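Taken together, the values in this text are just the output of simple stated rules run on the coordinates, not laboratory data. What you are looking at is a predicted structure, and each value in this text was computed from that prediction instead of being measured. Every residue, glycine among them, receives a Cβ derived from its backbone with ideal geometry; neighbour counts consider all protein chains shown.
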Amino acid sequence: QGKKGVLNATVLLFAGAVELSAGSCAFEDSTCGYESDYTFLPWILNEEGKDGFLVLTGTVCFFIYICIYILGHYMYVDSIYVKHFQEVAQLISPKTTTPMSGCLTFYYQLQQESGIVFTLYMRDVNGFYEEIWKIDSTMNTDWHLAEVDFDAPYPMEVIFEVAFNSAKGGYVALDDISFSPDYCSNQTGFSFNPDEASCNFEEDLCHFYQDHKDGPGWSRVKVKPNAYRTGDHTTGLGYYLLANTKFTSQPGYIGRLYGPSLPGNLQYCLRFYYAIYGFFKMSDTLSVYIFEENHVVQEKIWSVLESPKGVWTQAEITFKKPMPCKVVFLTWCKSFWDCGLVALDDISVSLGKMWSSFPGECTFEKDECAFTQERRNRSSWHRRRGQTPTSYTGPKGDHTTGVGYYMYIEASNMIYGQKARLTSRSLRGVPGKQCLTFFYHMHGAGSGLLNVYVKKEGDSEETLLWRRRGEQSITWLRGLIEYECDKYHQIIVEAVRGVSIRSDIAIDDILFQAGPCIEMGEITQHSSGDSDDLNEIEY
C-alpha cells in the first residue's frame, strides 16, 4: 500500500490484546517477537552511538525533573540501504485477536535530506488501511514522543510507514513502543462490539426493533419443517423472523426492521440469510437501507433481484458511512395480488471487509478443500449446486448461500448398503476438547445412515463419533461433535445408501475449531413428512 513515486519502509507493531505487555518493546534484549521480512529492505536492530546516530536517546526519569540518559538499542531504517526504487522494509508481528483500544506511544527520530513522510496506519486482516497519525517534517533530530489514541474492535496490525523520495532521503529510528488501555487524552473512549449488531433470533430480537406504525411487521417464528416451508437457517429447528404481507390487504404495505446504532467512519461487513415465498415478482420484495440517526437521510444499499423461492440465500454487503447510522431491513407488498412471505435469519455484522472463509472451514464453494476419497466413481461423494436429480429427496440448494455448492451421494447410482467415504487431511492433535460442526441434509423416505468417525495415527480401528439413521428433515440441520484427541488424526464422513433411490444424503459447511463447542447439546431429532401440523408456525 505504498504511495506512487516514493520509497517505502514499513514496521508492524505487535499489539497483543490479551498480553498487553507484549505489545510494548524497548528493543534492549531482543526484537520482542518482531520478524523482519528480508525479501524487502530490512529494519535493523542497532546499539546507540553507532552509524552516526544520536548516542543519548533512551531515558529513565524519576519524579518530574530528574532524568538519567542511558545507552541502548533501537530499530531503524536508512535510505542508504535502498538498492531499487520503491523498496519496502517490513517488521511483522502477530495480529490482535480480541478488541482493544487506548493509547499507543513511541519515540521516533527523523533525519531527512530530501523529504520523508512518516505515517501510522491500522490495517485489518483483509488489508484495509486506516491512517491514524502522520508527520512529514521535524524541527530537529532529537527523539520525539508520539501519542496516538486508537480503537481496534477487530483483528488488526499497527503499521509504521516511512516513505523516502530518494536513496539520499535520510533515516528514521524507532524505540520504546508502548501500549496503554487508557486513552492518551484521558477521555473515555468509545468501544463498539459488532456482536451487538448481530442476531440469530434464537432467544429474542436482540438489539433489533420495529416501528409498529408500519403494520403487523416482522414476527419471530419457529416452523416445523415440511414440504412447503424449511426450518430456520441457524440449526434447522430454531427461530427466525417472518414478515407475512398476506396479513394485510393494503397495497403498499411496508414492514421495517431497525438494527442498533453503528458508529460512523468504520467499514462494516453485513451478512444475512433470507428466503422468499409466494411473490410473483421478487424484485425489491426485500431491501436494505442505511438510515442516519435522525432517520431523515436514507440510502438503499441492497435489494432482491431474483432468488430461488423457499431457499435460504446468503447476502453480503460492505459499507462505510461518516456518521452514525442504522441498518434497516424493509419488505413491502406491491399490490393486493402480489403479496407473500419474507424470512430473515442469522444477521451478522463484522468490521473490515468480507471474510470469504475462516481457517479450518470448508464450504465446498471452490473445491473439496482438504478432503479426499479412496475412489471416485458414480457411487462416490459428488460436489453439486442446486437441486439433486431425484424427486422427493436431497436439498434444493446448499446451506452456505442457497445458490452454492455442497457434497452429496446420489442414491440412484448406488445399491442398498453401499458406502461413500470422505476423509479429511491429517489434523494435528491438541490437548483438551475440539469442536467439529457441520450441516447435513437427510430427506427422503428411504434415507440410510450418516456416520462420522475419527481415525488416530497408528490405530487400525476407527472410532464412531456421531450417527444419524433414516429421514431427519426436509431442511438443513446442524451437527455438533465435541471430541478429544492429542495425536494426529483424520475425520471420516461416511454415507450409507438406504433402501430406495429416495435416500440422497448431503453435507455442507464443515468447520474445525479448537476448544469445546459453544452450543454443545444434542439437536432434537425430527422427522419430516405430511402430518396434521403441516403448516404450523410457532410464534
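General observations
- Taking Cβ atoms as reference points and 10 Å as the exclusive limit, the residues near PHE272 contribute a net charge of -2, counting Lys and Arg as +1 and Asp and Glu as -1.
- Take each peptide in 195-203, 407-415, count the other Cβ atoms within 10 Å of every residue, and average; sorted highest first, the result is 407-415, 195-203.
- Relative contact order [Cα under 8 Å, 6+ residues apart], segment 372-523, whole percent: 33
- For the peptides 101-107, 438-444, 379-385, the ranking by packing is 438-444, 101-107, 379-385, with the highest mean count of neighbouring Cβ atoms within 10 Å listed first.
- Charges were assigned to the Cβ only: +1 to each Lys and Arg, -1 to each Asp and Glu. The resulting dipole of segment 359-404 about its Cα centre is roughly 280 debye.
- Model label sites at ILE415 and HIS382, defined 7 Å from Cα along the beta-carbon direction, differ in position by 1.9 nm.
- Packing here is the average count of other Cβ atoms within 10 Å per residue, and on that basis the peptides 455-466, 421-432, 149-160, 479-490, highest first, run 149-160, 479-490, 421-432, 455-466.
- Flagged links, alpha-carbon separation over 19 Å, of LYS95/LYS366; LYS300/LYS396; LYS366/LYS433; LYS309/LYS396; LYS396/LYS419; LYS433/LYS487: LYS95/LYS366; LYS300/LYS396; LYS366/LYS433; LYS396/LYS419
- Using the Cβ-Cβ distance between LEU511 and TYR209 with R0 set to 35 Å, the FRET efficiency from 1/(1 + (r/R0)^6) comes to roughly 0.65.
- Projected label distance in nm at SER30 and GLU484, using a 7 Å step from Cα toward the beta-carbon: 3.2
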